[in-house]
Amino acid sequence: MPMNQLSRTGGAAAAKSVFRGDRPDFRDEHLEQLMQEQKNGQADQRQTHGNLMQLVSFHVGGEEFGLDILRVQEIIRIQQLTRVPNSPDFVDGVINLRGKVIPVIALRKRIGLEDRAHDKQTRIVVVEVNGNVLGFIVDSVSEVLRIPADTVEAPPRLGKIEREYVSGVGKLDNRLLILLDVDRLMSESEQSLMQAAG
């Protein structure tokens, strides 16, 4: 599978794009297979390339976010959601994923962005958060990539994006990648509501 190289100016460090979701031959299965391969090899990668971070990147509201690939269980297409009475506004509903009921959170709403209609690019990113399995609705999934850890800086004030949700900002050649801290997206009381919904 071909890999693209995103060169950084002013240094030898580079962010390597392992797989891009905007390729014409892109299929969700390709991403799933690649994610599994990356997870299987990440321990070895960390031993030999301790300064690399492996991330899944996605878009929400015009911003590009990244999640540690080990936190991402799978990525699925948007599907019919079942509403749950008295759930928080940012919870769009629940889905049945292979017999397990999973709460689904509208990431746009959670970080204070305007909601929008789903389209063919919309995905649900399934992650584990403090022992709970949750789905996050994102506008699109971009790619799997590796970035040098030393290109990540502490989060500045980010306007619409609440700083407490962000663990750092990765500097790529021509863009910034916001590293999302999913463990801090919800309070303990909100997490309890998620467990009740699931």
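Coordinate-derived values only; no laboratory data. All values derive from a computational prediction rather than experimental measurement. When we count neighbours, we look across all protein chains shown, and the Cβ atoms used for this are built from the backbone with ideal geometry, even at glycine.
Quick notes on this structure:
- Two-decimal log10 I(q)/I(0) for the range 70-175, as the Debye equation yields it once each C-alpha is a single scatterer, q = 0.10, 0.23 Å⁻¹: -0.34, -1.44
- Listed peptides 92-100, 53-61, 165-173, 121-129 by packing density, highest first (mean Cβ within 10 Å): 53-61, 121-129, 165-173, 92-100
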